[in-house]
Amino acid sequence: MGARQAKNILSFFFTFFMVRLFAICKTFSQQVTNVKRSTIFRVVVLTVVLFFLIPHCAAAWPTSAQWIPIYKNALILEDDNNDAQGSRNIVSGAAHSAAFVFNDGQYIYFRLRLDKSPEGTGGQGYLQSFGWGVQFDTNLNAADYEWLLMVDGIAKDEKVELWHNSVQGTVGDPGDKAETLEASIPLLGNYQITAADTSFNGDQDYFLDWRFPYDTLKQVTGITDSSPLRFFFGSSSSANSLTESGGDLVGASDLYTGFSDYVSPFGTRPTTGTVRFVQNLAGTGDVTAVCAGDTLYIRVDDDDRNYNPTGVNTLPVTLDAPSGDSETTTLMETGVNTGIFTGSIVSEAGMPASSDGTLQVMPGETVTVTYIDTIDGSIPPLQNQPRTDTLTINPPVIAITKTVSSASADTGETINYTISIENSACGEAWLTYLSDVIPAGFTYVPGSTTGFITADPSITGSQLTWNGAWTVPPYSTVTVSFSATVGGGVAGTHYNTASLSGPNVPVTCTGPTAPVTITAPLIELTKAVNKAAANPGEELIYSVHYRNTGNGAAQALFIVDTIPLYTTYVAGSLQRGAADAQYGDPANIVFTDLQEDSDGGSVQDNTVVFIINNIAPDDGVPDSGDDEGKVYFKVRIE
C-alpha cells in the first residue's frame, strides 16, 4: 500500500468518525433539558477537532529559514550532482547545501537535497526501497564514526533508526556496518518530502527530512548540548551503513575527507565566545567601572549560541562579587540571527542577598561576569570554557578632619571635639573602626558622644576607640562629637590624631590636628638659707623662691615648710617679698604668726605655712614681676 493510499484510508476513517460523532451529539442534546444544546454540541466537536490537530501542531517541522546548512572546510557542503541515480542522488551547489540540520530541543532534524522524489513503494510504501542517513563522529577521530541515524525505506516496517558502530572495521570507511540497533521510531510522522528550491539536473529537486527525539539521542549516545560533532551524509542500499555501491556518499568516499566541519548538536558552527561589560542593551561601548546602584550591562558574542536562526535566542551569565553575592541573569539576542546577546542587572551597595535579582556589592571591589562557552572555535573544539570580564565598583574617597570648640582652655575646663568624615565619591563607605588619641591629662566625658555614633568608646590610656558598622553615603559628610575635661599640669598647646578604617576604606588619619592651648600654672620652688654653718644660739634665715613658669595664673599657692630639728622658730619672723628682695626690706610684707587672722602666714605645730594668692603667668623675665617672689622665716639654733 502506498503513502497516498494510507492517507486516503485515514481520511475515510476520520470522516466516518465525525459523522457518527455528530449523530451521537444530536441524540444526546435532545435528551438534555435546560441546557443550550448548541453549546454542548460545539464543545464536543471542538474537543474532537483539537484531538486531531494538536499532535500535528506540537510537532511542527522547521521552516525553510530555520534549516542550518552543513559546511565542510568553511564552505557549503557540496556533492557531485551526477554520481548516483534518482532519489539516491544527493545534489547541491555553491549556494545550496547538500545537507541541513536543525534542533528545537525536542527533535533533531536532518535534511538531504535529492535529485528525485524519494516517495515510493518501499516496505510500507512511504519511501523507495533505499536508505538515507548521517553518520556521527563523537570522539573527535576522523578514522571512524560512532553512530548512524538512518532513514530505512527498505525494511517491511519503515523506520528512523539509531545504530551504534561499536566495532570499528576498515579505518576511514563510511561503509563499515554499524552492529547494534539502539533505538528506532516509526517513519510515519517523522519524515516529510517537500519540493526543493533547485532543479540541478533539469527537473525538480526534493528535500527528504527526518527527525529523531533529541533526548533519546543524548541518552543513547552520551552526547550533551555542547558536544562537538561532525557529520557524514549519504544514501545507501543498506539500512545500517552508507556505501557507494547503490548509494551516494556526499563530498567524499572516505571519512577523513568527507566529515563536515564541527557543529554543535544544535547545528551551529563553533565559535569562541566573548563576554564584556558594556554601556547599554544595544551592546555598545566598553565599561570598566561603575557606581554601586548603577545598572550593569553585559554583552556576549557567540554565533554558535544562535540555535534558532529565525528567532531570538537566550543564554545565561553569572555575576560574582567578592563580598559574597552571586546572581545569574539571562541575556537575550539583540535580534534575529545576530549571535550577539545583551542583558542587565541592577546593583546596590549592601550585604549579599543571593538570587534576589539584584547584585549586592561593596564599593571598591571588582565584580566578575562569567559566561560558559559551551563549545568554542578551537580545532577540535573545547567545551565549557569560562569566559570572563571584570568591572570595578567605584570606591569611596574619604577625608577625615577634626576641630575643637575652643583654641584655648583652662585647667578643669571641658572642651568639645568634632570629627568630620567626608565621602567625595559615588561609592558608599563602610566603616568599622574609629579612633581618637586625646592629649595626655585630658579625660573623656562619659555619655558625651553624639552624631552618627552615640555609644561611648572603649578607652585605653588616652586612646578612645569606637567599633561598629556604619556607612557614609556617597557625596556626603557625617560627624561625631565628644567632650573632654582638661586635667591639671598640662599647660601648653596640645594636638590629637583621629583615624578610621573599614572593609572598603583603608586606614585614614587626620595627623596632629585640633590644637588647643591650655593655660595652667606651673610652680617652681627653690629653698635657701643665709649661712652655710652656724653655732648654737645663732639665727638662720630661710627663704623659698617661688616662680610660676606656666601660662596660667595660680589662684592660691600653699607653701608649707617644717622647722628643722634642733632649731626654734623665731616668733614674728614671717615675711614675703619680691623675687629680688632681701629679708627685712621695707617693702616686704610681714605676717603675724596667727592662723586665724588669715594674713597669709602662720606657724602651726612646728610648721610654717604661707598662702600666696593670684600668682601671674610667667612673664619671661627672671626675678621680676608678679609671677614670682620669696617668703622668709627665721630659726635659732639650740
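The values are calculated or read from the model by the stated rules, or taken from the named source; none is laboratory data. Everything quoted here is computed from the prediction, not taken from an experiment. Cβ placement follows ideal geometry from the backbone for every residue including glycine, while neighbour counts extend to all protein chains displayed. Areas reflect the complete protein model, heavy atoms only, side chains present, ligands, DNA and RNA absent. Shrake-Rupley method; radii C 1.70, N 1.55, O 1.52, S 1.80 Å.
Here is how the numbers come out for the structure above:
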quantity	calculated
Residue, farthest from Asp157 (Cα to Cα), within the range 240-271, restricted to residues that are surrounded by 24 or more Cβ atoms within 10 Å (Cβ to Cβ) and over 53 Å from the mean Cα position of the chain (by Cα)	Asp248
Unique match (being in contact with a strand residue (DSSP E or B) (Cβ under 7 Å, 6 or more places away or on another chain) and under 30 Å from Val287 (Cβ atoms)) among Pro396, Pro439	Pro396
Residues satisfying the stated conditions in the range 156-171, i.e. polar (S, T, N, Q) and modelled with pLDDT of 95 or more	Asn165
Flag for Val171 being open to solvent by 10 Å² or more (accessible area, probe 1.4 Å) and in contact with a helix residue (DSSP H, G or I) (Cβ under 9 Å, 6 or more places away or on another chain)	yes
Any strands (runs of 3 or more DSSP E) falling wholly within the range 58-148 and containing at least 2 residues that are modelled with pLDDT of 95 or more and either within 18 Å of Ser237 (Cα to Cα) or open to solvent by 60 Å² or more (accessible area, probe 1.4 Å) (or both)	107-114, 131-137
For Leu359: the one exception among (1) touching a Phe, Trp or Tyr at 6+ places or on another chain (Cβ under 6 Å); (2) crowded, with 21+ Cβ neighbours inside 10 Å; (3) part of a strand (DSSP E or B)	(1)
Criterion: open to solvent by 40 Å² or more (accessible area, probe 1.4 Å) and in contact (Cβ under 8 Å) with a residue 60 or more places away in the chain - qualifying residue of Tyr566, Tyr583	Tyr566
Pair list, Cβ under 6 Å, 6 or more apart: the range 172-198 residue under 20 Å from Thr257 (Cα atoms) and of a type outside the set (A, V, I, L, M, F, W, C), other residue open to solvent by less than 50 Å² (accessible area, probe 1.4 Å) and in a loop (DSSP other than H, G, I, E, B)	Gly172/Ala143; Gly172/Asp254; Pro174/Leu242; Gly175/Ser241; Gly175/Thr243; Asp176/Gly169; Lys177/Asn240; Lys177/Ser241
Subset of the range 387-430 [crowded, with 20+ Cβ neighbours inside 10 Å and small (Gly, Ala, Ser)]	Ala409, Gly427, Ala429
Members of the range 610-638 that are closer than 30 Å to Asn535 by Cα, in contact with a Phe, Trp or Tyr (Cβ under 7 Å, 6 or more places away or on another chain) and not hydroxyl-bearing (Ser, Thr, Tyr)	Gly629, Val631, Phe633, Val635, Ile637, Glu638
Criterion: part of a loop (DSSP other than H, G, I, E, B) and under 30 Å from Val490 (Cα atoms) - qualifying residue of Gly550, Gly572	Gly550
Single match in Thr517, Thr526 (criterion: among the β-branched types (Val, Ile, Thr), in a strand (DSSP E or B) and at pLDDT 95 or above)	Thr526
Residue check for Pro536: exposed (fewer than 13 other Cβ atoms within 10 Å of the Cβ) and under 30 Å from Pro396 (Cα atoms)	no
Unmet requirement for Tyr542, which otherwise passes all of (1) in contact (Cβ under 8 Å) with a residue 12 or more places away in the chain; (2) open to solvent by 20 Å² or more (accessible area, probe 1.4 Å); (3) farther than 25 Å from Asp593 by Cβ	(3)
One residue from Gly311, Gly335 being out of contact with any strand residue (DSSP E or B) (no Cβ under 9 Å at 6 or more places or on another chain) and either part of a loop (DSSP other than H, G, I, E, B) or farther than 30 Å from Pro396 by Cβ (or both)	Gly335
Residue in the range 392-399 that is under 27 Å from Gly267 (Cβ atoms) and among the polar types (S, T, N, Q) present	no
Test: Gly189 is under 30 Å from Asp376 (Cα atoms) and part of a loop (DSSP other than H, G, I, E, B)	no
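Residue-wise test of (1) more than 35 Å from the chain's Cα centre (by Cα); (2) within 30 Å of Pro395 (Cα to Cα); (3) open to solvent by 60 Å² or more (accessible area, probe 1.4 Å); (4) without any contact (Cβ under 8 Å) to a residue 40 or more places away in the chain.
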{"site": "Phe442", "(1), (2), (3), (4)": "yes, no, no, no"}
{"site": "Pro446", "(1), (2), (3), (4)": "yes, no, yes, yes"}
{"site": "Thr449", "(1), (2), (3), (4)": "yes, yes, no, yes"}
{"site": "Ile453", "(1), (2), (3), (4)": "no, yes, no, yes"}
{"site": "Ile459", "(1), (2), (3), (4)": "yes, no, yes, yes"}
{"site": "Thr471", "(1), (2), (3), (4)": "no, yes, yes, no"}
{"site": "Pro474", "(1), (2), (3), (4)": "no, yes, no, no"}
{"site": "Thr477", "(1), (2), (3), (4)": "no, yes, yes, no"}
{"site": "Phe482", "(1), (2), (3), (4)": "yes, yes, no, no"}
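Residue-by-condition table, conditions (1) open to solvent by 50 Å² or more (accessible area, probe 1.4 Å); (2) assigned to a loop (DSSP other than H, G, I, E, B); (3) polar (S, T, N, Q):
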site: Ser323; (1), (2), (3): no, yes, yes
site: Glu327; (1), (2), (3): no, no, no
site: Thr330; (1), (2), (3): yes, no, yes
site: Phe341; (1), (2), (3): no, no, no
site: Ser347; (1), (2), (3): no, no, yes
site: Ser354; (1), (2), (3): yes, yes, yes
site: Val369; (1), (2), (3): no, no, no
